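Reviewing the structure listed below.
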Amino acid sequence: MQLQTEPRKYTPEEYLRLEEQAEYKYEYRDGEIVPMTGGTTNHNEICLNLAANLKFGLKKQNCRVYMSDVRLWIPRYRQYTYPDVMVIKGEPVYADRETTTVTNSVLIAEVLPKSTQNYDQGDKFTYYRSIPEMQEYILISQQSEHIMQYTKTEAGWLLSEYEAEAVITLASVNLELELAAIYTGVDFSESE
């Protein structure tokens, strides 16, 4: 059963109560409850590849890697969202007594479906930048081997782009990843 919501503003508390009962995941955007779109097999491959490479690459560092089942609270913009992959240095800081919602990501990665890529590159990046610990935002295409990396610097956010056989250096966690490892098992003909 899909959660049916009335067209009205909801409080964060109302959203959390509804989310507990829902069969599907929803984001909360400053009073609005928005259903999340389903992922493709390519989306899943990319997320899993990235999370696995991060998990194994960071095993000697004090970092936690989470996939899209852990919710992120962004208090400045009143947003609850489920990033595809996120990394926390040290221990997670929870939004409440539950262990389902964190607030202190240093790295967030989103795989870009056509349906949400403008939102992920625009408003969502604005929201993520408000997280004090946030240092890196990775946007991964599922149509071709192309990654955009935003790294926080003293002067602002620096954009780097990678394609094909490149190696991406993750400054926030001191780790290098080959693009080929992120795209293992991805069939780009499915994206057409």
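The values are calculated or read from the model by the stated rules, or taken from the named source; none is laboratory data. What you are looking at is a predicted structure, and each value in this text was computed from that prediction instead of being measured. Every residue, glycine among them, receives a Cβ derived from its backbone with ideal geometry; neighbour counts consider all protein chains shown. Side chains included, ligands, DNA and RNA excluded: accessible areas come from the protein's heavy atoms. Shrake-Rupley method; radii C 1.70, N 1.55, O 1.52, S 1.80 Å.
Considering the range 138-192, the residues that are assigned to a helix (DSSP H, G or I) and at pLDDT below 95 include one that is most open to solvent (accessible area, probe 1.4 Å), namely 190.
Under the condition of being in contact with a helix residue (DSSP H, G or I) (Cβ under 7 Å, 6 or more places away or on another chain) and outside any helix (DSSP H, G or I), the residues counted in the range 124-137 number 3.
Taking the range 3-16 as the range and being at pLDDT below 85 and either surrounded by 10 or more Cβ atoms within 10 Å (Cβ to Cβ) or within 23 Å of the chain's Cα centre (by Cα) (or both) as the test, the residues that pass are 3, 5.
Among residues of the range 6-28 that are over 16 Å from residue 78 (Cβ atoms), those with a Cβ under 7 angstrom from a residue that is open to solvent by 100 Å² or more (accessible area, probe 1.4 Å) and at pLDDT below 90, sequence gap 6+ or separate chain, pair up as 23/1. Selection within the range 49-75: residues that are open to solvent by 70 Å² or more (accessible area, probe 1.4 Å) and without any contact (Cβ under 8 Å) to a residue 12 or more places away in the chain. The member of this set that is farthest from the chain's Cα centre (by Cα) is 60.
Of all residues in the range 93-110, which are assigned to a strand (DSSP E or B) and either buried (at least 18 other Cβ atoms within 10 Å of the Cβ) or within 15 Å of the chain's Cα centre (by Cα) (or both)? 101, 102, 107, 108, 109, 110, listed by residue number. Regarding the range 76-92, can at least one residue be identified that is within 21 Å of residue 173 (Cβ to Cβ), open to solvent by 70 Å² or more (accessible area, probe 1.4 Å) and touching a residue at least 40 places away in the same chain (Cβ under 8 Å)? Within the range 76-92, one or more residues are within 21 Å of residue 173 (Cβ to Cβ), open to solvent by 70 Å² or more (accessible area, probe 1.4 Å) and touching a residue at least 40 places away in the same chain (Cβ under 8 Å).
Return yes or no: is residue 19 among the charged types (D, E, K, R), open to solvent by less than 70 Å² (accessible area, probe 1.4 Å) and under 19 Å from residue 109 (Cβ atoms)? Steps first, please.
Details: among the charged types (D, E, K, R): yes; open to solvent by less than 70 Å² (accessible area, probe 1.4 Å): yes; under 19 Å from residue 109 (Cβ atoms): no.
No, not satisfied.
If I ask for residues that are part of a loop (DSSP other than H, G, I, E, B) and out of contact with any Cys (no Cβ under 9 Å at 6 or more places or on another chain), which ones from the range 34-77 would you list? Hits for the range 34-77 are 36, 37, 38, 40, 58, 59, 60, 61, 62, 69, 70.
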